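One structure is given below, encoded as structure tokens.
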Amino acid sequence: MKDNSMRKLLVNLVAAATLTAIPTFAAHAHATLERSQAAPGSYKAVLRVPHGCDGKATHTVRITVPEGYIDVKPMPKAGWDVAIEKGAYDHAYKLHGSEVTEGAKTVTWSGGRLDDAHYDEFVLSGTLDASVAGSTLHFPATQLCDGGEVSWNEIPAPGQNPHELAHPAPSVSVAAANGMGGDHGGHGDHAAAEAIHAGDLAISAAWARAMLPGQPAGGGYLTITNGGAAADKLIGAESPAAGKVEIHTMSVVNDVMTMRPVEDGLEIPAGATVELKPGGFHVMFMQVSEPFKEGAIVPVTLVFEKAGKVEVPFPVRAASGGGHQH
Ligand SMILES: [Cu+2]
């Protein structure tokens with residue numbers, strides 16, 4: 001049968017790969033994703049399962065879908081039943097203009113047979129949301145066998161080499177959206193232009209100004225709309241790209257434009273839209289060791305009194321014109 005010869009071909013390919021890459025043999029024996037790097041946008045997660053468990057055939061494979069990988073659908077497999085367990089996402093996402101708040105959390109293929117001597121692939125299709133740009137998503141996977149199981153669920157600590165782990169969770173590192181250039185850059189812009197929702201708030205049009213070499217501080221801008229019946233407050237922000245982040249206001253003192261941190265947070269009144277823009281309120285990135293470059297994405301966590309912490313990617317744009325002096 002065609003299926004059978006395909007499987008033989010795959011086994012041969014895997015055998016060839018291990019022969020030519022002996023130092024990384026251990027890595028080949030792990031369950032991994034075929035594409036370990038991707039840009040935000042549509043992403044096909046192909047889980048490669050290199051063997052059964054310890055001599056036993058695998059009858060069930062379960063993948064946990066990470067937060068930020070949305071609109072996920074499994075590809076059916078001949079000889080396997082597929083089940084999708086849905087649940088609420090931690091955040092609401094925008095997809096093709098509509099809000100998405102729930103979707104597949106785990107996908108389980110069962111009732112099949114993957115012999116220890118064989119290799120197989122389990123496929124999900126979905127979208128890597130722009131909010132996870134610049135981060136690594138882990139897809140913990142479990143193989144169940146007759147009388148055994150293997151869990152690929154170890155997540156490396158910061159700075160740890162995943163190859164040191166015995167059973168690393170399959171992962172994909174998501175590129176900063178605009179760092180990919182060309183088509184992907186455009187997609188990133190598009191995604192960043194869509195609002196991020198947190199509680200009653202909608203956050204959109206976030207961007208950070210590109211900085212000159214050696215410049216230790218720069219501005220960030222965004223629009224916040226409060227669709228709720230109660231006021232909220234932007235009380236702080238943080239970013240791994242800056243030692244310190246403040247919310248600033250600008251005003252003219254003795255004919256000189258000056259800026260200072262807003263006291264007690266920036267109020268977002270009920271039903272109102274507050275724009276942080278050049279010459280007015282802004283996010284101030286300080287103690288920046290690597291000046292922001294056009295095309296990069298600065299990951300920012302905004303902290304609201306009511307809506308809590310909200311992850312917002314700030315695409316970096318050229319420092320054209322504008323009256324924001326530092
Ligand atoms: Cu400032």
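Some notes on this structure:
- Taking residues in segment 303-314 that are outside the structural domain of Val262 (by TED's automatic domain parsing), and partners anywhere that are assigned to a loop (DSSP other than H, G, I, E, B) and crowded, with 18+ Cβ neighbours inside 10 Å, not one pair has Cβ atoms closer than 7 Å while being at least 6 places apart or on different chains.
- Residue within segment 83-95 that is free of Cβ contacts under 8 Å to residues at least 24 places away in the same chain, in contact with a helix residue (DSSP H, G or I) (Cβ under 8 Å, 6 or more places away or on another chain), in the same structural domain as Pro168 (by TED's automatic domain parsing) and aromatic (Phe, Trp, Tyr) present: no
- Of all the criteria given as (1) farther than 20 Å from Ala133 by Cα; (2) in contact with a strand residue (DSSP E or B) (Cβ under 8 Å, 6 or more places away or on another chain); (3) in a loop (DSSP other than H, G, I, E, B), the one not satisfied by Lys293 is (1).
For every residue, the table says whether it meets (1) under 27 Å from His197 (Cβ atoms); (2) among the aliphatic types (A, V, I, L, M); (3) within 16 Å of the ligand (Cβ to nearest atom).
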position	(1), (2), (3)
Thr225	yes, no, no
Gly236	yes, no, yes
Arg260	no, no, yes
Pro269	yes, no, no
Thr273	yes, no, no
Met284	yes, yes, yes
Lys309	yes, no, no
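- Given (1) under 18 Å from the mean Cα position of the chain (by Cα); (2) without any contact (Cβ under 8 Å) to a residue 60 or more places away in the chain, number of the condition Arg113 does not satisfy: (1)
- Any hit, segment 270-283, residues being in the same structural domain as Ala217 (by TED's automatic domain parsing), outside any strand (DSSP E or B), in contact with a Phe, Trp or Tyr (Cβ under 7 Å, 6 or more places away or on another chain) and surrounded by 13 or more Cβ atoms within 10 Å (Cβ to Cβ): yes
The values are calculated or read from the model by the stated rules, or taken from the named source; none is laboratory data. On a predicted model such as this, the values are computed, not experimentally measured, just so you know. Neighbour counts are summed over all protein chains in view; Cβ atoms, including those assigned to glycine, are modelled from backbone coordinates with ideal geometry.
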